[in-house]
Amino acid sequence: MPESADVIVIGAGVVGCSVAYYLAREGIKVTLLEREAIGSGASAHATGSLSLLGAEFSAGASFEMARASYADFYQLAPELEDATGMDLLYQRRPSLRLALDDEEVDLIRELMVWQEPHVKMHWIDADEVRAIEPRLSPSIVGAMYEDESAQLDSYRFNLALARGAELKGADIIHREVTGLITNGSTVAGVRTASGDVHCDAVVVAAGTWSRAFTPWLGFPVPVRPMKGERLLLNYPGEPLPVLISSPRRGHMISRRDGLTSVGSTGGRDYDRRDLFAGEEFDRQPTESARLELLQRAIDVLPDLERAELVQQLAGSRPLSPDSKPIIGPVPGWDGIYLATGHTTKGIHLGPVTGRIITDYVRHGSTAAVSDMTEFLPDRFADFADADFLVAAQSAEE
Ligand SMILES: Cc1cc2nc3c(=O)[nH]c(=O)nc-3n(C[C@H](O)[C@H](O)[C@H](O)COP(=O)(O)OP(=O)(O)OC[C@H]3O[C@@H](n4cnc5c(N)ncnc54)[C@H](O)[C@@H]3O)c2cc1C
């Protein structure tokens, strides 16, 4: 194990691997420490939907960040595929955001008011929807047609970022970080289960586990697990020509490997705190989620009754109190940064997070997003406790 690095990144999910990749690309000596396995957290369970629409992003800096990261994939996906030889199953296709009732019409139209000037999209009626995909339910009222949306396999993406970082000189080591080494207000390294590693900067990208760093930092890292489940189906029909989602019924995507992804359960389903805000990462698939997801999918595309279940995935998203990522320097410290709390969008926001942290490490600021205020850790300086239920229920994924 190297005894020192310029920067130590903690956690090898999509966020940590993306940070390591962009740092290594700048010639910075990075060591990525992972306690379990690359992609053993939320990142392996995600749909990999890279969608600008829906309620996940708000007007202003949040949407600007989402668009920047979406655009990063144009170059990053082929760059990683070339470097690693992996197929990320990346696809860019038109999408439909379906409304099956008046409530969904309102939810979509409300967002269109501010999203329409930024994204190529338009409303289509039920006949136009069925002209695109005749197998969709006759109860569909209409849809928002978006010219382009994207999706990839999040686990492959996670592995490719890790391998890509290694190819650019990063070291990836399987060790749990158990504490920080500090010198006054300056970080000097981390403690691990098998020895100390010294460094000039530390990036905490430990997903739902980032909260454990609160006592070591003496600064709140308010991240809680928000469970989500989804299904991979083997559907004998022709693949769907567009990526499909609806505000209340989730997504339906024909992947490039032929499987159909449906899901996900999340905060919007829960009216009980204990169902999403466990203390631990929860990877236990449940029968209730399986039945609920199948029913929702069949409501949207009745022919999915013929599909067979291939895999049920369960994991916990790193939920922040306002469901926005927590990215940037930790107040009161020199050289410690957070890259966590990405909630339902950590795959989508992985690349821009990597760029932002790299900017902070190199220059002490970033121009990747014009105003970072709503993402910086210092918004939680006075954090005592929060109602995570509100943030969870606002998540549509
Ligand atoms: C069902 C489901 C569907 C989703 N769909 C999408 C989607 O379509 N699009 C999207 O953008 N996002 C989606 N998400 C959300 C996305 O998965 C997360 O936002 C993202 O994976 C968070 O990545 P991360 O790297 O922060 O955390 P993780 O992937 O959880 O990685 C954290 C890593 O840190 C390691 N770690 C923790 N503590 C330590 C320590 N002390 N020392 C060393 N290592 C440590 C862990 O072992 C883990 O490997 C979905 C999530 C779920 C559950």
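Where a number appears in this text, it was derived from the coordinates with a stated rule and is not lab data. None of these values were measured; they are calculated from a predicted model. In this analysis, Cβ positions are derived from the backbone assuming ideal geometry, glycine residues included, and neighbour counts consider all displayed protein chains.
A few notes on this one:
- Within the stretch 270-360, GluC sites (Glu not before Pro) in DSSP loop having at most 10 other beta-carbon neighbours inside 10 Å: Glu279, Glu280
- Among Trp209, Trp333, Trp123, a tally of other beta-carbon atoms within 10 Å of each Cβ gives an order, fewest to most, of Trp123, Trp333, Trp209.
- Residue among Tyr360, Ser49, Ala126 farthest towards the positive dipole end of the chain, charges placed on Cβ: Tyr360
- Gyration tensor verdict on the stretch 48-204 (Cα atoms; rounded if a/c is under 1.5, prolate if a/b is larger than b/c, oblate otherwise): prolate
- You can think of it this way: the chain between Thr186 and Val310 has 39.7 nm of extra reach, that is 0.36 nm per residue less the Cα-Cα gap.
- Computed lengthening from Glu279 to Val390, 0.36 nm per intervening residue step minus Cα-Cα distance: 38.2 nm
- Full-stretch length increase - Glu110, Arg67 - with 0.36 nm per residue and alpha-carbon distance subtracted: 13.5 nm
- Neighbour counting of Cβ atoms within 10 Å sorts the residues Thr178, Thr344, fewest neighbours leading, into Thr178, Thr344.
- Considering only Asn158, Asn234, Asn183, the Gaussian network model of the chain with Cα springs below 10 Å gives its largest mean-square fluctuation to Asn183.
- Among Leu76, Leu293, Leu98, the largest mean-square fluctuation in a Gaussian network model of the chain, built with springs joining Cα atoms closer than 10 Å, belongs to Leu76.
- Estimated [θ] at 222 nm from DSSP helical runs (n ≥ 4, -39500 (n - 2.57)) normalised by residues in the chain, nearest 500: -9000 deg cm²/dmol
- Per-q log10 I(q)/I(0), the chain, q = 0.07, 0.08, 0.09 Å⁻¹ (Debye; single scatterer per alpha-carbon; no solvent): -0.30, -0.40, -0.50
- Taken over the chain, lysine pairs spaced eight or more positions apart, or on distinct chains, with alpha carbons under 19 Å apart number 4.
- Relative contact order of the chain, pairs being alpha-carbon contacts under 8 Å that are 6 or more residues apart, as %: 25
- The stretch 123-203 shape via C-alpha gyration tensor axes, a/c threshold 1.5: prolate
- Put in line by how crowded their Cβ is, counting other Cβ atoms within 10 Å and starting with the fewest, Leu294, Leu111 read Leu294, Leu111.
- With a simple spin-label model that places each label point 7 Å from the Cα along the Cα-to-Cβ direction, the separation between Glu3 and His198 comes to 0.7 nm.
- Spin-label model, Glu374/Glu287: points 7 Å from Cα along the beta carbon direction are separated by 4.3 nm.
- Set the Cα radius of gyration of the stretch 211-259 against 2.2 N^0.38 Å, with N its number of residues, and you get 1.94.
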